[in-house]
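The values are calculated or read from the model by the stated rules, or taken from the named source; none is laboratory data. Since the model is a prediction, treat every value here as computed from it, not as a measurement. All Cβ positions, even for glycine, are placed from backbone atoms using ideal geometry, and neighbour counts span all protein chains on display. Accessible surface areas use protein heavy atoms only, side chains included; no ligands, DNA or RNA. Shrake-Rupley method; radii C 1.70, N 1.55, O 1.52, S 1.80 Å.
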Amino acid sequence: MSNEALFDYAETKGHEVLYMNLNENKAVTIEEGRFSIVLANGLTRTEEKELVAHELGHCEYGGTYCRSSKYNVKAKAEYRANKWAYYQLVSPDEITECVRKGIVTPWELAEHFEVSDEFISRVLEYYQMVGVI
């Protein structure tokens, strides 16, 4: 999914996306009657894509929390947000198609899906853990 498609998705769901100067995080989701995704100014296109997908995962799974939330609440919300982002940006079927075409190394996959090496590594690790690839 492209950056533009992610922003279109957010709009169709009624999620606001804003840019601000953020100090501690590069992105955060706020739930106050509706979801607002706040992104740090100055992100690269790849950072923006990965962060918007992750924050949309918080919106779609209803997984927001506050600083004082217990660790297990935070961990569950982050896990679900990551899972949503993985499936939207790099689906298992698309990976299978890449392998058929000879695109097999992590850096080739990252380049193909326009995500970072770190992101594709987490995707591959997750898909292997759950047995979908």
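The condition of being over 17 Å from the mean Cα position of the chain (by Cα), of a type outside the set (D, E, K, R) and modelled with pLDDT of 95 or more holds for only one of G33, G14, that being G14.
Scanning the range 33-47 for residues that are assigned to a helix (DSSP H, G or I) and of a type in the set (V, I, T) yields a total of 1. Within the range 99-122, the set of residues being basic (K, R) and under 16 Å from the mean Cα position of the chain (by Cα) comprises R122 only.
Rundown of residues vs (1) open to solvent by 60 Å² or more (accessible area, probe 1.4 Å); (2) within 14 Å of the chain's Cα centre (by Cα); (3) free of Cβ contacts under 8 Å to residues at least 60 places away in the same chain, yes/no style:
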{"position": "T46", "(1), (2), (3)": "no, yes, no"}
{"position": "L51", "(1), (2), (3)": "no, yes, yes"}
{"position": "K76", "(1), (2), (3)": "yes, no, yes"}
{"position": "N82", "(1), (2), (3)": "no, yes, yes"}
{"position": "Y86", "(1), (2), (3)": "no, yes, yes"}
{"position": "L89", "(1), (2), (3)": "no, yes, no"}
{"position": "E97", "(1), (2), (3)": "yes, no, yes"}
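The set of residues in the range 99-127 that are free of Cβ contacts under 8 Å to residues at least 12 places away in the same chain and charged (D, E, K, R) comprises R100, K101, E108, E111, D117, E118, E125. Is it true that Y65 is at pLDDT below 95, open to solvent by 80 Å² or more (accessible area, probe 1.4 Å) and within 25 Å of S121 (Cβ to Cβ)? In short, no. Across the range 12-32, the qualifying residues are those that are part of a loop (DSSP other than H, G, I, E, B) and within 20 Å of R67 (Cβ to Cβ), and the one among them that is least open to solvent (accessible area, probe 1.4 Å) is L22. So in the range 107-133, with the set limited to residues that are assigned to a helix (DSSP H, G or I) and charged (D, E, K, R), which one is most open to solvent (accessible area, probe 1.4 Å)? Here the residue is E111.
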